[in-house]
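Participant: Here it is, the structure in full.
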Amino acid sequence: MGKVKQILIMIFIVLAVSGASNVDQLHKWRKSMSSGASSSSGVSRVGSSVIFQLYGNVYPNGFYFVQVFVGHPPRPYFLDPDTGSDLTWLQCDAPCVHCTKGFHPLYRPTNDLVVCRDPLCASLHSSDYRCDDNPEQCDYMVEYADGGSSLGVLVNDLFTLNLTSGVRIFPRLTLGCGYDQLPGVSDHPLDGVLGLGKGKSSIVSQLSDQRVVKNVVGQCLSGKGGYLFLGEDVYDSSRITWTPMSRDHTKHYAAGSAEFFFDGKSTGIKNLNVIFDSGSSYTYFNSQIYHSLISSVS
């Protein structure tokens, strides 16, 4: 087994008042990128970052999304950036058995199927998963905490990405072609999910393995959108406080144990496991914290 990679995550919660300046800065970056050089290679100097503009808000929309270009020629799709899951998938015309309402026409997959014995396929299944039935393709099923799910097959396709170095690249990445979706209770009219988790199949892990960016994901959120970046060279380090992610959590981003305070005072509830999940619209408490909060309020 290889050395475990250190993964850091930065989550910025920015008030709407300061959000405008961040979005203005993003527009400057995007303007400089639009005239940048192109490269057909998915490999770039590690040190650049990939930036996506974030659209949406917490209220009233209740979700954020990014625009990602996939395929050749590249077509736009609106995806839910989710640090709580690994797999990136698009609603797919394979044909589609059940698809929810999205912004764009269904993704038409390439013929570049991922075989069942591919390491990325193995990362989505338990160790006793067998490839006897369909060795030439990798079937997947992902389920989410809100009851939603996606069933499909893995494919490889080109992504169009802009780097902060001014270069536009077209790495071939693995994604899910989802032909059977069930909406969850917090369903949003998007084309799919951008998986940003810690697993091998996540976009940030794939780009890191191809030495495009370092294994860092960050989000700047405001009431008017914000931006998402993969890599670490887009911030002013003097204004950032870094918190290493706990290695005890192999699947989720977590900063270690936490203590619950109410009105600036400790409730006595300690050693809590807290995970960062950008794909969730809500903050969830376990029953112990919930009852403590209700008692404190009443």
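The values are calculated or read from the model by the stated rules, or taken from the named source; none is laboratory data. For clarity, every value in this text was computed on a predicted model and none was experimentally measured. Cβ: placed from backbone, ideal geometry, glycine included. Neighbour counts: every protein chain shown.
Participant: Report, ordered by the first and then the second residue, all pairs with beta carbons closer than 6 Å, sequence separation of six or more or different chains, a first member in region 191-212 that is within 15 Å of residue 172 (Cβ to Cβ), and a second member that is modelled with pLDDT of 95 or more and of a type in the set (A, V, I, L, M, F, W, C).
Facilitator: 201/87; 206/173
Participant: Please find, among 155, 204, 212, 193, the residue that is out of contact with any Ser or Thr (no Cβ under 8 Å at 6 or more places or on another chain) and in the same structural domain as residue 103 (by TED's automatic domain parsing).
Facilitator: Going through 155, 204, 212, 193 in turn, the sole match is 204.
Participant: Identify, please: which residue in region 149-182 is among the polar types (S, T, N, Q) and assigned to a loop (DSSP other than H, G, I, E, B) and is, among those, surrounded by the fewest Cβ atoms within 10 Å (Cβ to Cβ)?
Facilitator: So, considering only residues that are among the polar types (S, T, N, Q) and assigned to a loop (DSSP other than H, G, I, E, B), the one surrounded by the fewest Cβ atoms within 10 Å (Cβ to Cβ) is 165.
Participant: For region 181-197: of the residues being in contact with a Phe, Trp or Tyr (Cβ under 7 Å, 6 or more places away or on another chain) and not small (Gly, Ala, Ser), which is farthest from residue 76 (Cα to Cα)?
Facilitator: 188
Participant: On to the next question. Scan 187, 133 and give me the residue that is closer than 27 Å to residue 250 by Cα and either in the same structural domain as residue 101 (by TED's automatic domain parsing) or touching a Pro at 6+ places or on another chain (Cβ under 8 Å) (or both).
Facilitator: Within the list 187, 133, the selection yields 187.
Participant: With the requirement that a residue be charged (D, E, K, R) and surrounded by 21 or more Cβ atoms within 10 Å (Cβ to Cβ), what does region 215-234 give you?
Facilitator: Listed by number, the list holds a single entry, 232.
Participant: Mind listing whichever residues of region 244-281 are exposed (fewer than 10 other Cβ atoms within 10 Å of the Cβ) and within 29 Å of the chain's Cα centre (by Cα)?
Facilitator: If the condition is that a residue be exposed (fewer than 10 other Cβ atoms within 10 Å of the Cβ) and within 29 Å of the chain's Cα centre (by Cα), then 248, 250, 271 are the ones that fit.
Participant: Six or more apart or on different chains, Cβ under 7 Å: which pairs go from a residue in region 249-266 that's in contact (Cβ under 8 Å) with a residue 60 or more places away in the chain to one that's surrounded by 15 or more Cβ atoms within 10 Å (Cβ to Cβ) and hydrophobic (A, V, I, L, M, F, W, C)? Could you list them?
Facilitator: Every condition considered, the pairs that remain are 252/275; 253/9; 253/245; 253/275; 253/276.
Participant: What residue, among those in region 44-87 that are farther than 21 Å from residue 157 by Cα, hydroxyl-bearing (Ser, Thr, Tyr) and in contact with a strand residue (DSSP E or B) (Cβ under 9 Å, 6 or more places away or on another chain), is surrounded by the most Cβ atoms within 10 Å (Cβ to Cβ)?
Facilitator: Filtering region 44-87 for residues that are farther than 21 Å from residue 157 by Cα, hydroxyl-bearing (Ser, Thr, Tyr) and in contact with a strand residue (DSSP E or B) (Cβ under 9 Å, 6 or more places away or on another chain), the one surrounded by the most Cβ atoms within 10 Å (Cβ to Cβ) comes out as 83.
Participant: Can you confirm whether residue 91 is touching a residue at least 60 places away in the same chain (Cβ under 8 Å), in a strand (DSSP E or B) and either closer than 23 Å to residue 204 by Cα or in contact with a strand residue (DSSP E or B) (Cβ under 7 Å, 6 or more places away or on another chain) (or both)?
Facilitator: Here the answer is yes, as residue 91 does meet what is asked.
Participant: Being surrounded by fewer than 18 Cβ atoms within 10 Å (Cβ to Cβ), among the β-branched types (Val, Ile, Thr) and either closer than 21 Å to residue 94 by Cβ or over 17 Å from the mean Cα position of the chain (by Cα) (or both) is true for just one of 193, 185, 142. Which residue is that?
Facilitator: Residue meeting the stated conditions: 185.
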